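The values are calculated or read from the model by the stated rules, or taken from the named source; none is laboratory data. Since the model is a prediction, treat every value here as computed from it, not as a measurement. Positions of Cβ are generated from backbone atoms using ideal geometry, with glycine treated the same way; all protein chains shown enter the neighbour counts.
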Amino acid sequence: MSKPLSGNEAVAYAMKQINPDVMGAFPITPSTEIPEYFAQYVADGEVNTEYVTVESEHSSMSVCIAAQAAGARSVSATSSCGLALMYELLYVAASCRLPITLACVNRALSGPININADHSDSMGARDSGWIQIYAENNQEAYDNFIMAMPIGEAPGVRLPVMTCMDGFITSHAVENIELLETDAVRKFIGEYNPDNYLLKKENPLAVGPYDVSPYYMEHKMLQAEAMKAAKVRILEVAAAFENISGRHYSLFEEYRMEDAQLALVLIGSSAGTAKAAVDKLREDGVKAGLIKIRVFRPFPGEELARALAGTRAVAVMDKSEGFSANGGPLFAETRSALYDLKERPYLINIVYGLGGRDIKVGDIEKVFDRLMDITVTGEIGPVYSHIGQRSKEDIV
């Protein structure tokens, strides 16, 4: 079934089809529509979800943690400062191995206050122990949310999952979405039957106890192993999803990379613009390609290194400033992944799109022009730079 939906509507519709047990809800732009649409489904009796309105995003994640620990499937949605307010509890959810599913509608973090899309919110939470999956468009936002639960709930994983999409660009734009039948979604998701939970009287347990030093490191190691296991599980779920939808997903998407000499690595909705630039360059005989990272946690380092091994120059494009003085978070991960290659491509980092600053096909072409110059001259120039901003003299 095809239906025109915004990204927020698509995620809310996926939630309706899943029919979770609990939703912890507190509004924040641009994710507010998700709990609004879902609240209507609750009011209309289309789901059996316990919809809990709370006083803050910190509390909405607290609700999810309590519900999931009690054996109930729980969901939420947030953006930007809302995700930042959840920060403490993101770590709690992951360390307690509670497979909560959270829709993160990416928005720049304050300050100054900005409501438009960049990835500073989710990237700020990248090391909290959550699986992170990013969408390019509305279809992927819908599909990713459905795939999130069988990924996070797998016994060998048991980690929370954050599905991310770009605020307004994806969340509010309307596209035709190929929707699955609700029965197919319910069958794909299955029942949530955790081995251990607070209300299981046969096997009482504590959740979130004080973890003294003789035990804490072992628990963190197990958590790290679960994140490694998530990579295999993500591919298993993607293969099962392809069987019911016909849509193929992997850890990342390779676009015209079969013989690419120049390549981009990026995340999210900008991939559509970059693909248009790649197509234009291909028409001019330039062997251009791109890799769109779909799964940022766990990071597909070995797979990405293999995909880029045959290239000569690569630009990693970050829609988030890392403030490391060495580049953004995607660049740091990609550079590390390529370190063990015997013959590494030239590598630069371009930070772009902060606070929703637009990036156009012509801007992407300029990045490829720079990569071409690097391959000709062997001179990299500044490894880490920004694109699309006014000069210092223009800024008041």
| message | For segment 282-307, give me each residue that is over 20 Å from the mean Cα position of the chain (by Cα) and surrounded by 23 or more Cβ atoms within 10 Å (Cβ to Cβ). | response | Ala288, Gly289
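Would you point out which residue out of Ala125, Ala93 is farther than 22 Å from Glu36 by Cα, touching a Leu at 6+ places or on another chain (Cβ under 7 Å) and either crowded, with 20+ Cβ neighbours inside 10 Å or in contact (Cβ under 8 Å) with a residue 60 or more places away in the chain (or both)?
Ala125
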| From the list Glu175, Glu136, Glu153, Glu140, which one is in contact (Cβ under 8 Å) with a residue 24 or more places away in the chain, acidic (Asp, Glu), farther than 18 Å from Ile293 by Cα and surrounded by 20 or more Cβ atoms within 10 Å (Cβ to Cβ)? | Glu153
| query | Taking the condition outside the structural domain of Ser128 (by TED's automatic domain parsing) and either crowded, with 18+ Cβ neighbours inside 10 Å or assigned to a helix (DSSP H, G or I) (or both), does Ala271 pass? | reply | yes
| segment 224-249 residues that are surrounded by 12 or more Cβ atoms within 10 Å (Cβ to Cβ), paired with ones that are among the β-branched types (Val, Ile, Thr) and in a loop (DSSP other than H, G, I, E, B) (beta carbon under 6 Å, 6 or more apart) | Ala226/Val157; Ala229/Val157; Ala230/Val157; Arg233/Val157
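Residues of segment 346-394 being of a type in the set (Asp, Glu), surrounded by fewer than 16 Cβ atoms within 10 Å (Cβ to Cβ) and in contact (Cβ under 8 Å) with a residue 12 or more places away in the chain, which ones?
Filtering segment 346-394 for residues of a type in the set (Asp, Glu) gives 358, 363, 365, 369, 373, 379, 393-394.
Narrowing further to those that are surrounded by fewer than 16 Cβ atoms within 10 Å (Cβ to Cβ): 358, 369, 373, 379, 393-394.
Across segment 346-394, the qualifying residue is only Asp358.
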| Where Ser122 falls short, out of the listed (1) farther than 30 Å from Gly246 by Cα; (2) in a helix (DSSP H, G or I) | (1)
| task | Considering (1) crowded, with 22+ Cβ neighbours inside 10 Å; (2) touching a Leu at 6+ places or on another chain (Cβ under 8 Å); (3) not in a strand (DSSP E or B); (4) not polar (S, T, N, Q), say which one Cys81 fails and leave the rest. | result | (1)
| said: For segment 279-300, which positions are in contact (Cβ under 8 Å) with a residue 40 or more places away in the chain and either part of a strand (DSSP E or B) or of a type in the set (Val, Ile, Thr) (or both)? | reply: Val286, Ala288, Lys292, Ile293, Val295, Phe296, Arg297
